[in-house]
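Everything on this sheet refers to the single structure shown next.
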């Protein structure tokens, strides 16, 4: 059983450039700007964001976004999600733990 991360964001593993991409289905640019785009991991230029406007559904938008990126890990987010500082480091560390436990 894996324990859940607690406490402050780890200072260790930084995600490698190009490891992650965020795909957002958007119908409200103001919410997108004040949430996803305002998140430190995005505003610092570390994680690219692909925004889909005008899709029939979130599923269509996410599939278009998935086709538009070659990042090995894609994060699907709603436009009103704010990623707290360190979220990307926690994700990178968790993936490293999983990879060490099962490298296949």
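Within the bounds of the stretch 47-63, is there any residue that is crowded, with 16+ Cβ neighbours inside 10 Å, modelled with pLDDT under 95 and under 10 Å from the mean Cα position of the chain (by Cα)?
Yes, because at least one residue in the stretch 47-63 is crowded, with 16+ Cβ neighbours inside 10 Å, modelled with pLDDT under 95 and under 10 Å from the mean Cα position of the chain (by Cα).
Could you check residue 91 against (1) outside any helix (DSSP H, G or I); (2) under 18 Å from residue 18 (Cβ atoms); (3) modelled with pLDDT of 90 or more and say which number it fails?
(1)
If residue 92 satisfies every condition in (1) over 12 Å from the mean Cα position of the chain (by Cα); (2) surrounded by 12 or more Cβ atoms within 10 Å (Cβ to Cβ) but one, which is the exception?
Only one criterion is unmet by residue 92, namely (1).
Which residue out of 77, 25, 96, 71 is touching a residue at least 12 places away in the same chain (Cβ under 8 Å), part of a loop (DSSP other than H, G, I, E, B) and at negative phi? Steps first, please.
Numbers: 77 fails: part of a loop (DSSP other than H, G, I, E, B); 25 fails: part of a loop (DSSP other than H, G, I, E, B); 96 fails: part of a loop (DSSP other than H, G, I, E, B).
When all the criteria are applied, what remains is 71.
Of the residues 43, 3, which is touching a helix residue (DSSP H, G or I) at 6+ places or on another chain (Cβ under 7 Å), more than 11 Å from residue 88 (Cα to Cα) and either modelled with pLDDT under 90 or surrounded by fewer than 19 Cβ atoms within 10 Å (Cβ to Cβ) (or both)?
Values: 3 fails: touching a helix residue (DSSP H, G or I) at 6+ places or on another chain (Cβ under 7 Å).
That would be 43, the only listed residue that is touching a helix residue (DSSP H, G or I) at 6+ places or on another chain (Cβ under 7 Å), more than 11 Å from residue 88 (Cα to Cα) and either modelled with pLDDT under 90 or surrounded by fewer than 19 Cβ atoms within 10 Å (Cβ to Cβ) (or both).
Limited to the stretch 37-61, what total is found for residues that are in a helix (DSSP H, G or I) and over 12 Å from residue 21 (Cβ atoms)?
Taking the stretch 37-61 and keeping what is in a helix (DSSP H, G or I), we get 37-38, 40-43, 58-61.
Next, from what is left, pick out any that are over 12 Å from residue 21 (Cβ atoms): 37-38, 40, 43, 58-61.
Residues meeting the conditions: 8.
The values are calculated or read from the model by the stated rules, or taken from the named source; none is laboratory data. Everything numeric in this text was worked out from a predicted model, so none of it was measured. FYI the Cβ positions are ideal-geometry reconstructions off the backbone, even for glycines, and counts take in every protein chain you see.
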